Amino acid sequence: MKNRLLIGIAAAAVTGGIVILVCWLLSDSAPKPPNLIVITVDTLRQDHLGCYGSDTKTPALDKLAAEGFRFRDSVTTAPTTLPSHTSLFTGLYPARHGVRLNGRFKVPDEAQTLAEVLLTKGYRTAAFVGCAVLNKHYALDQGFQIYNDDVISDVSSAVAQRRGADVSHTAVDWLEGVKAPFFLWVHYFDPHGPYKPPPPYDSDYYEGDPRNPKHTSMDGISVAYYQNFDGVTDIRYPLAQYKGEITYTDKAIGQLLEAVDRCGLRDNTLVLMTADHGESLGENNYYFDHGETLHDTSMRVPLIIRAPWLEGTRVVEGPVSLVDVYPTVLNLLDIEVPEGIQGQSVANYLVEGSVPDRELFMETLLPMTSKRPAIFGIQTEHWKMTLRQNRVKLFHRISDPGEQKNVAKQHTVVRDWLAYLIKDYYQTQPLKAERFKPSPEHIEQLRSLGYIQ
């Protein structure tokens, strides 16, 4: 009798467990695929975030970094907006995806974007961008069900950009009504010139009269025409305004991240933040601009990943490129990575905090728009080499982080090895990127941002 009672209790327990399991599988409490939010900031130097050691006030991004993984040696593929974003969302270098200049090419249909992959997996997809350089006419909207590129604002007479607060507002409106799982991309353009942060950010880092004739620090400095620094005599002023734009952008990003928490999405949402490129602030005699060089000031970008279900170190060493974002994100979402991707997933190295050394490629074709040679580059953990026609520069990144001393003649073996890899890179067979014929309005927008003279 006792044995039959025990058997009966066990059977009831098993049956009850099955019923509970079935109900759990059919209920709303079943595990759902993680959401994805990608935040990109235009023209943001890595060394101008608080979490990377700067005195620039960036509390929202500092908090994100403290809760996630911050990459120390992350770089872009090109110092221009559309080519680098195309690499980010295709996992391909510019030589492969074919979008090598702003305003001149469309993203090829052959390239399978991150949004297209996630759309096929049932994700709701939306993008909110802050400038006309990423207008849907350039076909980066592939896979996005919503692509909000309405840049009407009073920031530029050419109506080429909109403020970060407006971008966050429209993104949050969508976020509050969307059903999971979703992929949200939010792009902020504010740090890009002209540096004109709104009050009170315009006075956060500067006091005094920037046009006082007693100042002489701007004497002899050539500045990009679109920056509008007419009459400014104190170089501290543009440096302060750039920092003000970053602090303002951080505030806008904070509004987005607060909405994620408010909607109860934090614990099941992967957040990735990065930049398309940096900005030269006078280094190598190149002031308040980007696109003409491959120096670290323009190429090194922040990269932060917060995946609440992961634990481990907060700083990740080793070389990482924007092409690695695509496969890394898919790995973290447990989605198969398509074939043909040039980037490599670094998901397995997050917890241990170190990515193995490897070669990363970069390029800029912007000089060709003024009839000068393009620049191609390659970078490892210890070395960086650039090739401009037959002019080779080799820098040892550890002993010369400012890239001031060309040691190509002293390290011929390294030079020849990297030169071989670069030449192999720029002979890559590209996908068919259709040339874009800009309208007069598009030309004016690109001119207002310095991409057409």
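Just so it is clear, none of the values below were taken in a lab; they were calculated from the coordinates. Just so we're clear, the structure is a prediction, and the values are computed from it rather than from any experiment. Counting neighbours? That spans all protein chains shown, and the Cβs are built from the backbone with ideal geometry, glycine included.
Values as computed for the structure displayed
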| item | result |
| --- | --- |
| Degrees separating the helix 2-26 axis from the principal Cα axis of the chain, which is the longest one | 30 |
| Whole-number percent relative contact order across the chain, with pairs defined as alpha carbons under 8 Å at least 6 apart | 24 |
| Residues of the stretch 304-346 with amide N under 19 Å of a point placed 7 Å along Cα→Cβ from ARG266 | 304-312, 314 |
| Computed magnitude of the charge dipole of the chain (debye, nearest 20; Cβ of K, R +1, Cβ of D, E -1) | 820 |
| Cα shape, the stretch 135-289, gyration tensor, a/c 1.5 rule | prolate |
| Unit charges at the beta carbon, dipole of the stretch 181-294: most positive-side option, GLN227, PRO198, ALA259 | ALA259 |
| The stretch 303-443 shape via C-alpha gyration tensor axes, a/c threshold 1.5 | oblate |
| Cα-based shape type of the stretch 333-395, given that a ≥ b ≥ c are square roots of the gyration tensor eigenvalues and the cut on a/c is 1.5 | oblate |
| Using θ = phi - 60° and Karplus 6.51 cos²θ - 1.76 cosθ + 1.60, couplings along the stretch 134-149 (whole Hz; Gly, Pro as x) | 9, 4, 4, 4, 8, 6, 7, 7, 4, x, 8, 6, 10, 9, 8, 10 |
| Simple label model, 7 Å out from Cα along Cβ direction - GLU352 to GLU258, nm | 4.1 |
| Amide hydrogen neighbours beyond the local backbone of VAL41, cut-off 5 Å, H modeled | TYR188, THR274, ALA275, ASP276 |
| Computed E for ARG211/THR120 - FRET, C-beta separation, R0 51 angstrom, nearest 0.05 | 0.35 |
| Sequence-distant residues sharing a close amide H with TYR147 (under 5 Å, placed H) | ALA127 |
| For the stretch 194-207, Karplus couplings with θ = phi - 60° (6.51, -1.76, 1.60), whole Hz, Gly/Pro x | x, 6, 9, x, x, x, x, 5, 6, 10, 5, 10, 8, 10 |
| C-alpha long axis of helix 236-262 to longest principal axis of the chain, angle in ° | 10 |
| HN-Hα J in Hz across the stretch 291-301 - Karplus 6.51, -1.76, 1.60, θ = phi - 60°, x for Gly and Pro | x, 9, 9, 10, 5, 3, 4, 9, 9, 7, 10 |
| Computed FRET value (nearest 0.05) for LEU310 with HIS169, which takes r as the C-beta separation and R₀ as 35 Å | 0.70 |
| Interchain or long-range residues, amide H under 5 Å from PHE69's placed H | ILE305, ARG306, ALA307 |
| Radius 9 Å from Cβ of PRO33, net charge of other residues (Lys, Arg +1; Asp, Glu -1) | +1 |
| Degrees between helix 164-175 axis and first principal axis of the chain (Cα, 0 to 90, nearest 10) | 20 |
